[in-house]
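> Quick one: the structure is below, and I'll ask about it shortly.
The values are calculated or read from the model by the stated rules, or taken from the named source; none is laboratory data. Given the structure is predicted, the values throughout are model-derived calculations rather than measurements. Methodologically, a virtual Cβ is constructed for each residue, glycine included, from the backbone with ideal geometry; neighbour enumeration extends over all protein chains shown. Protein only, heavy atoms only, side chains kept; ligands, DNA and RNA dropped before computing areas. Shrake-Rupley method; radii C 1.70, N 1.55, O 1.52, S 1.80 Å.
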Amino acid sequence: MRWGVEQSRNLMTVRAASQTGMENVVKTIKTMGVGDYPPVLSIALGAGDTTVLRLVNAYAMLANQGRTLKPTLIDYVQDRHGKVIFSADPRACEHCNAPDWDGKPMPRPPIRAQQLMNPMTAYQVVHILEGVGPAGHRNRAPGSRAAVVR
């Protein structure tokens, strides 16, 4: 599967989507917030329209072990003394602005994100996608369309 994605083999992608069932594919795409599409095989090749924000957020959810994320432009703002004066995250964080902070890692609020995908599935998709890009280009045969010219 990873090799097929690295090599951009459309037939492999369509066959995997067909065997999985396009209903399952479009259900997952909708769950991840990318869009609502009809269950046709061309969607497996990226034929649907979406926004950059939705697509990047879906990739971020994969990296977040399949948990929901709400995209924000600014996560938080601190004053010059490290006190958080604005946070896009509305969850309470006890002792985050403690005046006696001892330099240890900042306390983190509990995770309340909804699990949209099995964490192992999200990890496997991320692993497959790691082959795409500069590392994947080095693995391509010389003279192929996607070979990197140096």
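> May I ask you to list pairs of residues, at least six apart or on different chains, whose Cβ atoms are under 8 Å apart, with the first in the range 99-126 being over 30 Å from Thr31 (Cβ atoms) and the second being at pLDDT 90 or above and among the aromatic types (Phe, Trp, Tyr)?
Final answer for the pair search is none.
> Go through (1) of a type outside the set (A, V, I, L, M); (2) surrounded by 10 or more Cβ atoms within 10 Å (Cβ to Cβ); (3) at pLDDT 85 or above and name the single condition Asp89 misses.
Answer for Asp89: the failing condition is (3).
> May I pose another question? Say we look at the range 58-86 and pick out the residues that are of a type in the set (Val, Ile, Thr) and in contact with a strand residue (DSSP E or B) (Cβ under 9 Å, 6 or more places away or on another chain); which of these is surrounded by the most Cβ atoms within 10 Å (Cβ to Cβ)?
Step by step, filter the range 58-86, then rank; the result is Thr68.
> Please name all residue pairs, on different chains or six or more residues apart, with Cβ atoms under 7 Å, provided the first residue is in the range 23-52 and is over 21 Å from Thr68 (Cβ atoms) and the second residue is surrounded by 16 or more Cβ atoms within 10 Å (Cβ to Cβ) and among the polar types (S, T, N, Q).
Ala44/Thr13; Leu45/Thr13
> Quickly run through the range 13-38 and pick out the residues that are open to solvent by 70 Å² or more (accessible area, probe 1.4 Å) and not polar (S, T, N, Q).
Arg15, Glu23, Lys27, Lys30, Asp36, Pro38
> Filtering the range 64-86 down to residues that are over 12 Å from Met32 (Cβ atoms), under 19 Å from the mean Cα position of the chain (by Cα) and not acidic (Asp, Glu), which residue is modelled with the highest pLDDT?
Looking at the filtered set, the residue picked out is Gln65.
> Same structure, new question: Given the conditions (1) surrounded by 15 or more Cβ atoms within 10 Å (Cβ to Cβ); (2) assigned to a helix (DSSP H, G or I); (3) modelled with pLDDT of 95 or more, report the number of the one that Leu55 does not fulfil.
Single failed check for Leu55: (3).
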